[in-house]
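Each reported figure results from applying straightforward, stated rules to the coordinates on display, with no laboratory input. Keep in mind it's a predicted model, so treat the numbers as computed, not measured. Methodologically, a virtual Cβ is constructed for each residue, glycine included, from the backbone with ideal geometry; neighbour enumeration extends over all protein chains shown.
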Amino acid sequence: MLLETHINLNGVRFLVLIIASTFVLSGCAGSTIPADSKTSAPPSATSTSVSSTSTSPGHVFVITMENKTYDEALRGHYTASLASEYAVATDYHAVARPSLPNYLALTSGSTWDVTDDEHHELTSGEDLGSELTLAGIPWRAYMEDMSDGCFDSPLPYVIKHNPFAFYGGQCPSNVVPLSQLDADLSEDTPNFVWITPNLCHDGHDCSVRTSDQWLAEVVPKITESAAWKEDGVLLVLWEGADEKDSSNHVPLIVVAPNLQSHYIKGYYDHYSLLATIQDRLGVERLGEAVHAQPIERLF
């Protein structure tokens, strides 16, 4: 009797196992769906989080120049050679006047209703630098001739060209003198590099020839670095045009390894550039960059 009961129990267990195995196999077979028949909803058009196109944020370099129209800036011999060898946006525009609101737009997606070049203590955490710090992405802003911190350094450094000092009213440790760039390019280059020349070298107070010569000295340092060669892109832009150009039409030159020479067509502005940078670095877009058209064919 015991033997018979024992056999029956084993039989039940065996059947259960067979049934369970059949169910699992059937479920797996039924889950194979052709790629063209998936019905997942598309991403929301209002989403502010845009994934980077690479597994790492790569290296983004930005150099901000000053107060020249598109045609004026491209009269510089070296500047024109960069535009010819790589890519230039032919319909790129600043978004405000004077300088400061453009710098704020480039780093936060908003002018904050600022209409002057005075110091304003703005909310911390709503800017690109804060985003990168929170995400653990190394970044540095290099200020030429910043000799005594963000707030006390004399001319030819000016705080109005240092937007990172406005968010939270403090000078982040990531903001350093330009003299540190050479060492950083030869060692651990931050993923995001912002470079502000002094008032002469950016073209604000000096000629196109002077600013062009400065670019001819600084740009090769970047393009010879391992960070740029591996996965970098250099963006050279003019913060705004002078007063005689009401459209604020300025150049944006894109320098990247293996980038074929071409003109970047279509209307773009500072918000487009911020969107492009944030997409590349894998952080959320801010402010007007949320709805901006990113610049294509860069990476």
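Sorted fewest first by neighbouring Cβ atoms within 10 angstrom, 66, 72, 118 come out as 118, 72, 66. Here the residues 117, 269, 231, ranked from fewest to most Cβ neighbours within 10 Å of their Cβ, fall in the order 117, 231, 269. Classification of segment 107-226 by its C-alpha gyration tensor yields an oblate form. The axis ratio a/c (a ≥ b ≥ c) is 1.5 or more, and b/c is at least a/b. Listing 179, 211 from fewest to most neighbouring C-beta atoms within 10 Å gives 179, 211.
As a length-normalised measure over Cα pairs under 8 Å and 6 or more apart, the relative contact order of segment 59-290 settles at 39 percent.
Placing unit charges on each Cβ (+1 for Lys and Arg, -1 for Asp and Glu) gives segment 59-290 a dipole about its Cα centre, and among 107, 227, 158 the Cα reaching farthest toward its positive end belongs to 227. Placing +1 on the Cβ of every Lys and Arg and -1 on the Cβ of every Asp and Glu, with nothing else charged, gives segment 230-279 a dipole about its Cα centre of roughly 200 debye.
May I ask you to derive the FRET efficiency for residue 260 and residue 173 from their Cβ-Cβ distance with R0 = 41 Å, giving the value to the nearest 0.05? Plugging the Cβ-Cβ distance into 1/(1 + (r/R0)^6) gives 0.60. Answer rounded, prolate or oblate for segment 59-290, using the Cα gyration tensor with square roots of eigenvalues a ≥ b ≥ c: rounded when a/c is under 1.5, else prolate when a/b is larger than b/c, else oblate. Rounded.
Here the relative contact order of segment 141-253, from alpha carbon pairs under 8 Å that lie six or more residues apart, stands at 22 percent.
Distance between the modelled labels on residue 155 and residue 90, one decimal in nanometres: 3.9 nm (7 Å Cα→Cβ projection).
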